[in-house]
Amino acid sequence: ETANLGLYGLGTMGSALALNILDNGFALSVSNRSEDVTRDFVTEAGDLAEKLTAYDTIEEMLKGMASPRAVIVMVPAAVIDSVIEAMTPHLDKGDTVIDAGNTDYTETIRRTKEMEERGLNFIGMGVSGGEDGARNGPSIMVGGTPEAWEGMRGVIEAIAADFEGSPCAAHLGPDGAGHFVKTVHNGIEYADMELIAELYGLMRYGNGMAPAEIGEKFTAWNEGRLASFLVEITGKILGYEWDGKPAVDRILDSAGQKGTGRWTVIEAVKLGSHASAIEAAVGGRVLSALKDERQTGAEVLGRQRDAVDLDYGIYERAFLAARIIAYAQGFDILAAASEENDWDLGHARIAEIWRAGCIIRSALLDDISEAFRGDLPHGRLLFAPSFTDTLHEGTAAMRTLVCAATGAGHPVPAFSAALSWYDGFRQARGTADLIQAQRDFFGRHGFVDLDGNEGQHGPWWG
Ligand code: 6PG
């Protein structure tokens, strides 16, 4: 049987997604850069191979597929252009190419335009959930024309995660909208991971707890309001031993990053949005990667990491508030991008499709989608009435945590940044009056006075 649905790129995510598609009863053509991988995939597909047609090259695959074709491409961001180039001579008007990788959304906007000029449809599709999500139901964020979406909707909704009967997939806007939302999803993922790592650091090196003991705390938290995939896996990871040692103790403390966290920060800054917890998380990874320098630093600057005496209630409340703040910052970026690009991103819907399948799925997202369905002052999650008490209580705990941590020499960049951001939003009158005065003093930049008069100058100009 010849499918009009194809998938190119059978790496970890691509092959998992392909099995998911087959599992849902769709016929599928596949190919990969290396034929061996394609052959191994056919073997792996086992019984599911009945509706599978494998090809050695992408050209052969496109020639073998019926029109109109829709091809999901799951390759590293660096090679997507060359794959598209190889594909286009064999595509016909009305065919659709779907980029399912983590792609910079500005590239998706460019590619959509180029493809549309050739009469081809292009979809930028963010897929979250790692290998397990791709195989059993990821969260899917789609950008493209309504027509392109309608053409793919059946497949996408079928393979997506299910949250209480509703698919965790949505058409969020044109061209780059899906990849943008996926990028911000990853930014929030970075912040959440950093907060968890900071909590781990405090418990481990401040409270002197063993990894397995800390793991038990995370596992317990996973039963309450902090329930989430990242908390769950942290509990599991910390429980692992490896050759007689805690597994984490055999891993170099230097974090990788493929770019999405950094892109989130770059886009936030460009949009005039301030995602301090996400920035802190990216910065934390950067610093972690400077392993040699940190070793030198411990000698030259002197190592300090003293005991702290914080209880789990503090950690728990502080984490919940910091997590709300990280999500709030992520949604602020989405709001700014939505306005800038005329996208009309639906925040409640985005929160909903993040409730299952993706890496940041958490109990909190249910409350967040509820909050966005209600009336939010300035559209900001930070001001959601349903979070006021939690934030009040949680930021008090954050204060205790940040004081204790910084006093004892433990870096807590994400907690500190989140707390300062929160405090910044509580100052009806801040300190930028002085900044405006300085700008005027050295550059005659002018300022707005308290009566709203623009272009005013201070007495320093006579
Ligand atoms: C997901 C993940 C996934 C991946 C990223 C982030 O949503 O399934 O975010 O896309 O883990 O590549 O990876 P880095 O940590 O390497 O930037």
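Every number here is computed from the coordinates shown, using simple stated rules; none is lab data. All values derive from a computational prediction rather than experimental measurement. Cβ placement follows ideal geometry from the backbone for every residue including glycine, while neighbour counts extend to all protein chains displayed.
Overview of values
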read-out: Scattering curve values for segment 5-175, log₁₀ I(q)/I(0), Debye with Cα scatterers, q = 0.13, 0.19 Å⁻¹; value: -0.56, -1.29
read-out: Under 23 Å from the Cα of residue 113 - lysines, other chains or at least 8 residues apart; value: 93, 182, 270
read-out: Distant-in-sequence amide H partners of residue 169 (H built 1.01 Å from N, under 5 Å); value: 140
read-out: Shape category assigned to segment 1-102 from the gyration tensor of Cα positions, a/c cut at 1.5; value: oblate
read-out: DSSP-defined antiparallel bridges as percent of all bridges, the chain, nearest 5; value: 35 percent
read-out: Hydrodynamic radius by Kirkwood, which averages 1/r over all alpha carbon pairs of segment 222-358, in angstrom; value: 18.2 Å
read-out: Structure-based [θ]222 nm, the chain - -39500 (n - 2.57) summed over DSSP H runs of at least 4, per residue, nearest 500; value: -16500 deg cm²/dmol
read-out: Additional length obtainable on full extension of the chain from residue 212 to residue 456, 0.36 nm per residue less Cα span; value: 81.7 nm
read-out: Cα-based equivalent ellipsoid of segment 183-424: semi-axis lengths in Å, sorted from largest, via gyration tensor; value: 29, 20, 18
read-out: Highest to lowest packing among 168-177, 240-249, 105-114, 49-58, scored as the average C-beta count within 10 Å; value: 168-177, 105-114, 49-58, 240-249
read-out: Between segment 79-94 and segment 257-320, the Cα center-to-center distance that results, in Å; value: 40 Å
read-out: Nonlocal amide H pairs with residue 75, under 5 Å, H built at 1.01 Å; value: 100, 101
read-out: Tensor-based shape of segment 134-235 (alpha-carbon gyration tensor, a/c under 1.5 rounded, otherwise prolate or oblate); value: prolate
read-out: Between segment 168-214 and segment 353-372, the Cα center-to-center distance that results, in Å; value: 13 Å
read-out: Sequence-distant residues sharing a close amide H with residue 6 (under 5 Å, placed H); value: 29, 70, 71, 72
read-out: Span-rule helices in the chain, defined as complete DSSP H runs reaching 27 Å or more along the axis (Cα) with Kyte mean at least -1.0; value: 177-201, 312-341, 388-408
read-out: Per-peptide average of other Cβ atoms within 10 Å, ordering 411-417, 62-68 highest first; value: 411-417, 62-68
read-out: Magnitude of the charge dipole, segment 183-424, Cβ model with Lys/Arg +1 and Asp/Glu -1, debye to 20; value: 400 debye
read-out: Cα-Cα separations in the chain greater than 39 Å, expressed as whole percent; value: 31 percent
read-out: FRET efficiency, 1/(1 + (r/R0)^6) with R0 41 Å, evaluated for residue 348 and residue 131 via beta carbons; value: 0.90
read-out: Cα→Cβ-extended label distance, 7 Å offset, between residue 66 and residue 147, nm; value: 2.1 nm
read-out: Label point distance in nm, residue 266-residue 205, each placed 7 Å from Cα along Cα→Cβ; value: 3.0 nm
read-out: Additional length obtainable on full extension of the chain from residue 296 to residue 423, 0.36 nm per residue less Cα span; value: 42.2 nm
read-out: Extension gain from residue 12 to residue 114, taking 0.36 nm per residue of separation minus the Cα-Cα distance; value: 33.9 nm
